[in-house]
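Written below as C-alpha cells is the structure these notes are about.
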Amino acid sequence: MDWGSLQAILGGVNKHSTSIGKIWLTVLFIFRIMILVVAAEEVWGDEQDDFVCNTLQPGCKNVCYDKFFPISHIRLWALQLIFVSTPALLVAMHVAYRKHEKKKKFIKGERNCEYKDLEEIKRQRFRIEGPLWWTYTTSILFRVIFEAAFMYAFYYTYEGYHMPRLLKCDAWPCPNVVDCFVSRPTEKTVFTIFMISVSAICIVLNVAELGYLVAKFFIRRSRRETTTRHHSNHENKEESKQNEMNELISDSCQNTVTGLLSS
C-alpha cells in the first residue's frame, strides 16, 4: 500500500488544522502508519505458515485458521487507517474549492480580490470558521465514530485483545477436537495492545479538539453578540441625545415665537 499519497493529502490538511489536530496527525503517522509499515508486517508476516495444528487432516488447518482469524490484523489495521483518514479529505476538498474560487476571482481581475499572485493564494491558511468550521467538526466526529467502531470490531472479531497460545478447533473437516498453536502470541499481544492504546489516544485527541472548536465557536458567538449589543446601545444613546437636542431646539423656537407674539 502506498502511504505516501495519503501523507501528502493529510499534510495539506495539517496546514489548516488546530494545534491539537497537528498532534493527532503526528501520532497517526509516527505511532500508527510507520509502526504498521515497519514492524507489524514483520510480526504478522508468517501468521498462517506458523499456525500449527496437531493433525494431518487436509483442510483442517486452513479451516481452523479462518475460524479464529477471519481477517488479518494487518488488513484490519490498514482498513482502519483508511477510514480514519478519509474524513480529512472533506476538509481538503473544502479548502481546494475555496482556493479555486479565489483563483477564478483573481484571473477575472475583480477589484475585491486582495491577492497579488496565484502563489499567495496557494500559501493561504484558512481560519476554521463559518462553513469550514462545520466541515472540520464533521470530519472529527466521523473520525471518532470510525475509531470506536474499529476498536469494537477488533474486540468482537478476536474475542478480546489477548492473543492465546493454544486454540481448540472442532470445525469440519477436522476429525475431532484438535489443538492449534499461534506463533509468537506474547509479541502479538503486546503489539495489539499498543495499537489499540494509540487508537484510544487518537480518540481522546479528537474529542479534545472537537470540544475546543465547539467552545471557541460559542465564545466567538458570545463576543459577536456582545459587540452587536454594544453598538446597538451606542446607537440608541446617540439617537436619544439627538432627540433631546431636537426637543430643546423645538422648545426654544416655540418660546421665542411666543415671546414675539406677546410683545
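Going by amide H atoms built from the backbone, whose H comes under 5 Å of the H on Met163, apart from near neighbours?
Counting only residues 5 or more places away or on other chains, the set is Thr189.
Karplus couplings for the stretch 71-80 from phi (6.51 cos²θ - 1.76 cosθ + 1.60, θ = phi - 60°), rounded to Hz, Gly and Pro as x?
9, 5, 4, 4, 5, 5, 5, 4, 5, 5
Using the Karplus curve 6.51 cos²θ - 1.76 cosθ + 1.60 with θ = phi - 60°, what ³J(HN,Hα) values do you get for each residue of the stretch 181-194, in whole Hz, with x for Gly and Pro?
Calculated HN-Hα couplings, in order: 10, 9, 7, 6, x, 5, 4, 5, 5, 4, 5, 5, 4, 4 Hz.
Based on the Cβ-Cβ distance from Asp179 to Ile82, what FRET efficiency comes out when R0 is 35 Å, to the nearest 0.05?
The formula returns an efficiency of 0.45 here.
Please compute the length gained on full extension between Asp170 and Trp133, using 0.36 nm multiplied by the number of residues separating them and subtracting their Cα-Cα distance.
Net length gain for the segment: 7.9 nm.
In whole Hz, what ³J(HN,Hα) sequence does the stretch 53-66 give by Karplus (6.51, -1.76, 1.60; θ = phi - 60°), x for Gly and Pro?
Each residue of the stretch 53-66 in turn: 10, 7, 7, 10, 4, x, x, 5, 4, 5, 5, 5, 5, 5 Hz.
Would you calculate the separation in nanometres between label points at Tyr161 and Glu187, each defined as 7 Å from the Cα along the Cα-to-beta-carbon direction?
2.1
Values quoted throughout were computed directly from the atomic coordinates according to the rules given, and no laboratory measurement underlies them. Fair warning: this is a prediction, and the values are worked out from it, not measured in the lab. Glycine gets a Cβ as well: all are built from the backbone with ideal geometry, and neighbour counts include every protein chain shown.
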